[in-house]
Structure formats: structure tokens, C-alpha cells
1. Out of F126, F139, report the one residue that is among the hydrophobic types (A, V, I, L, M, F, W, C), in contact with a strand residue (DSSP E or B) (Cβ under 7 Å, 6 or more places away or on another chain), modelled with pLDDT of 95 or more and surrounded by fewer than 23 Cβ atoms within 10 Å (Cβ to Cβ).
2. Limited to region 188-217, what total is found for residues that are surrounded by fewer than 18 Cβ atoms within 10 Å (Cβ to Cβ) and not small (G, A, S)?
3. Select from region 236-249 the residues that are surrounded by fewer than 18 Cβ atoms within 10 Å (Cβ to Cβ) and in a strand (DSSP E or B) and list them in ascending order.
4. Return the residues of region 259-286 that are within 15 Å of M199 (Cβ to Cβ), in a strand (DSSP E or B) and under 17 Å from the mean Cα position of the chain (by Cα); say none if nothing qualifies.
5. Name the residues in region 329-353 that are modelled with pLDDT of 90 or more and buried (at least 18 other Cβ atoms within 10 Å of the Cβ), would you?
6. Which of the residues that make up region 292-315 are surrounded by fewer than 19 Cβ atoms within 10 Å (Cβ to Cβ) and among the aromatic types (F, W, Y)?
7. Inside region 54-116, counting only strands (runs of 3 or more DSSP E) that do not spill past its ends, which hold 1 or more residues that are touching a strand residue (DSSP E or B) at 6+ places or on another chain (Cβ under 8 Å) and closer than 18 Å to S140 by Cα?
8. For region 250-273, which residues satisfy the criterion of being surrounded by fewer than 16 Cβ atoms within 10 Å (Cβ to Cβ) and either at positive phi or among the hydrophobic types (A, V, I, L, M, F, W, C) (or both)?
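The values are calculated or read from the model by the stated rules, or taken from the named source; none is laboratory data. Owing to the predicted nature of the structure, the values given are computational and were not obtained by experimental measurement. When we count neighbours, we look across all protein chains shown, and the Cβ atoms used for this are built from the backbone with ideal geometry, even at glycine.
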Amino acid sequence: MRISFQSSALTLAIIILAGCGGHQAGNAFVPPAAAPPDTTPQGNADGNVVPDAGGSGLVEFPTPWKQGLTYIASDGNGNEWTGVSNPSRMVRINEGSGFITDFAIPGEDAAPYGVALGRNRNGMWFTQPASNRLGYIRFSDNKFRLFTLSGPQVGLRGITAGPDNAMRFAESRAEKIGRISVNGFGITAYSVAPCDAQMITAGGDGALWFTSNCGIGRITTGGQISTFQLGGLRVALGITTGPDGAIWYTGITHDAGSFVGRIDLKSHKRAIYNLFSGDQGTWDIATRGRYLYMTNPWNTAKPYIDHFNIDTHAIARGTLPFKYEKPYGIVLGTDGQLWFTNKIIPTISEIAFGKLCPGLTHRQCQSA
């Protein structure tokens, strides 16, 4: 079933505040080298927090649903896609018109979690943790194809297009990285035990990189695995390839607040930048220009989207205008703006898409 409607954009100004490996053979890991010391950003006592002189605009698109809107992905053709958990469906918003279209997913416990554009770019893939399935919706006819993994629930999490004509996905409970061919749809899996893989991305070195409770993992298309510890009490969550070609990741920590980290593809040298000591952590991550944008859903009283300059290491913080908002997934759209999902907005009793336009006013963002 498909339902289309025009979402009336609720335009709101966003306030930008000042201040703001070891190789694995089989299943046996060789303990990775210890992580290097933290690289603390240079700057003032607030941790190099600087104001965003250009300002940012924000436009929000409410939806009729009460639950869902987790991760988000662009189809490269002017649309962003996400999932709704109840009732289970894939949802698409058009960047230009603001039209939101939803597609009901067949089956029980079909709530999507991770989303990613397919390797051949003809469909949007997603994971379904509760039903132990993954699948995709084909753009040409909006038809679903679903694949059930055998055995007990594996704890499906992130998914991404690999470099080898296949999709790769994380199995947190099974402690594996899975592979599904986009031709014959054959499924294989590689153990990364004892690490519970979370999110995954393709690196510029032809390998896949993933986050876990062990730190950062790397898996080649042939199944060779390396892990890189982060030190301290850090757990990595979001991951992406940055504008400098390195792998960048977000996470939570129990001893130093929020952070963003970097790992060089060639040397595997790591650097960790502490952001805000009072935070529980950063979640998803996207890039725009030389900046990283990170959602911070932990603090419900003051929800944030943080951004970090990879050259100067300057931090800036944007406070979202609604109390109790929970920004979750974030992606760079084909319109050059940042699109994100909100899980809770009690003010209007709806979940919503958001569009963040750095350097523009909210009026300019509405028409961008």
C-alpha cells in the first residue's frame, strides 16, 4: 500500500550557540595494538568551541506517525528514505516538493533500522532486527523483496553497499558481518567475535569498516578482519568516510563525554577528539564540505546537532528548537543540505524529517 501526501513544512530557526589491528585467522583474534593517547583540540577552556558566524536554517516536515524514523539515506536522485516502526513501512521524502510517500512492508515485526542505497542504485536496502530479515524496495515498481536469515535473531543493525557487487550488514547479537550478493542473493557471514558489530561503511581502501564495543573493525572482501581499540571506556556507534578519505566515527563514553574519532586508511593511526564533557555521546554522522555533522539524541532537555571542522578541529553546536526532540539519523542530500530524522516531538505529537541548512536562514532553507 502506498500513501502520498503533502507535508506542510514547519519552519523553525535553529539556534547556533557559541561554544558550540590485529589480523584474524579463522575466529581467533590477535590482540590489537593499544589506542594512542587522545588528541585534544587546541583552543579555549571550553574545548575549542566556536560560534557559527554564518548561522543555520532549519525546516521540519511533520509526519502522521508516532514511532520510528531511525536511520536515513539518500537515493542520489532527490529523495531521502527512512523507516517507520509502527506501522512498519519505508518512507520517502522528496527534497524539492516536500511530498512524503510511504510503502507498507509486508510481514510481522517488519520495523526497519539501518538503511542504505543499493550497490546497483536501483533500490533502498534496510535491516529488520525483530523479524531477522533484510530486504529492499525496488525504485522501478516500489516492490519489496525480503530475505530471512536462518537461525535465532542475529541482531541486525547497519547496512551498506560494498565494493564487490554485494551489500554488507552488521549482526550485533551474532557478532558477525554478513554479505548478500545483489545478483544471486546468496548470503554468507564472517565472525567478528567477541565484537558486537553496529554500523558499517565502505572505505576508500576497498574494505568495509564497522563500529562495535571492541572499537573500530575492518573486514576485507575476502573476510580478513582487523580491530582497532579506542582506549578508555569508549564505544563506537556511527561511522562514515570523511572528506579527507579517512574513516570518522562517533560514540559514547563513560569517562570523557562525547567524542569523534579518526582512523587513517593507510597507516591506521588513530586520533580521538573529545567534544563535550557533559554529554553521553554522539550518534550518527554525515559530512558536508570539510565538516562532520553528528546527531546527539541523548540529552532530551537540549537536543543537539554538533559539527566539527576536520582541519581546525573547531567544534560548534546547534540546539534544536523543540524540547524533547531526539535527532537520530543524518545524511547529506543531493540538494547539498543535511537531512535528519527526529524520533519524538511531543509539542506536535508527531515524528518528523528535518532539513538543516548551514549558512542559510530558515527562510532560505525552506526554499533551498
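1. F139
2. Going through region 188-217 one residue at a time, the tally reaches 4.
3. Answer for region 236-249, where residues must be surrounded by fewer than 18 Cβ atoms within 10 Å (Cβ to Cβ) and in a strand (DSSP E or B): just T241.
4. Residues satisfying the conditions are V260, G261, G281, I285, A286.
5. G329, I330, V331, G333, Q337, L338, W339, F340, T341, F353
6. Answer for region 292-315, where residues must be surrounded by fewer than 19 Cβ atoms within 10 Å (Cβ to Cβ) and among the aromatic types (F, W, Y): just W298.
7. Once the strands (runs of 3 or more DSSP E) in region 54-116 are filtered for at least 1 residues that are touching a strand residue (DSSP E or B) at 6+ places or on another chain (Cβ under 8 Å) and closer than 18 Å to S140 by Cα, what remains is 67-74, 79-86, 88-94, 99-104.
8. If the condition is that a residue be surrounded by fewer than 16 Cβ atoms within 10 Å (Cβ to Cβ) and either at positive phi or among the hydrophobic types (A, V, I, L, M, F, W, C) (or both), then H268 is the only one that fits.
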